[in-house]
Amino acid sequence: QVQLVESGGGLVQPGGSLRLSCVFSGSIFSRYNMGWYRQAPGKQRDLVARITSIGSTTYSDPVKGRFTISRDNAKNTIYLQMNSLKPEDTAVYYCKADFRYNYWGQGTQVTVSS
């Protein structure tokens, strides 16, 4: 059974940076497309960034140029480097793995506030 464990969230001031991590276990990581999603209170869960099994990346418009997704297949881990954070980036950030099925982590809270 695939398990995903996110970490790295927290409270940061506007303009600051955070790096989220998501550790994958339970299957062959390199086969999976991976992604970061976020959900703010009262809003739907939206894609933030995605990286395919071969390393191709896509980003949502609000985070382009500020966030970077990456993967380390040796560590079964994906990362989300978030720079120039804004209050509107405040949300619970979820890691997702997809191959034949979709799997979700439990989420990590990111709060951007002065």
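The values are calculated or read from the model by the stated rules, or taken from the named source; none is laboratory data. A quick note: this is a predicted structure, and the numbers were derived from the prediction, not measured. In this analysis, Cβ positions are derived from the backbone assuming ideal geometry, glycine residues included, and neighbour counts consider all displayed protein chains. Just the protein is used for accessible areas: all its heavy atoms, side chains included, with ligands, DNA and RNA removed. Shrake-Rupley method; radii C 1.70, N 1.55, O 1.52, S 1.80 Å.
Write out, first by first residue and then by second, each pair whose Cβ atoms fall under 9 Å of each other, whose residues are 6+ apart or on separate chains, and whose first residue, in the stretch 1-28, is under 20 Å from ALA49 (Cβ atoms) and free of Cβ contacts under 8 Å to residues at least 40 places away in the same chain while the second is among the charged types (D, E, K, R) and open to solvent by 30 Å² or more (accessible area, probe 1.4 Å).
Sorted first by the residue in the stretch 1-28, then by its partner, the list stays empty.
Do any strands (runs of 3 or more DSSP E) lying entirely in the stretch 15-114 carry at least 3 residues that are among the polar types (S, T, N, Q) and either at pLDDT 95 or above or surrounded by 20 or more Cβ atoms within 10 Å (Cβ to Cβ) (or both), and which ones are they?
108-112
Being surrounded by 14 or more Cβ atoms within 10 Å (Cβ to Cβ) and part of a loop (DSSP other than H, G, I, E, B) is the filter here, so list the residues in the stretch 1-14 that pass it.
Of everything in the stretch 1-14, those that are surrounded by 14 or more Cβ atoms within 10 Å (Cβ to Cβ) and part of a loop (DSSP other than H, G, I, E, B) turn out to be VAL2, GLY8, GLY9.
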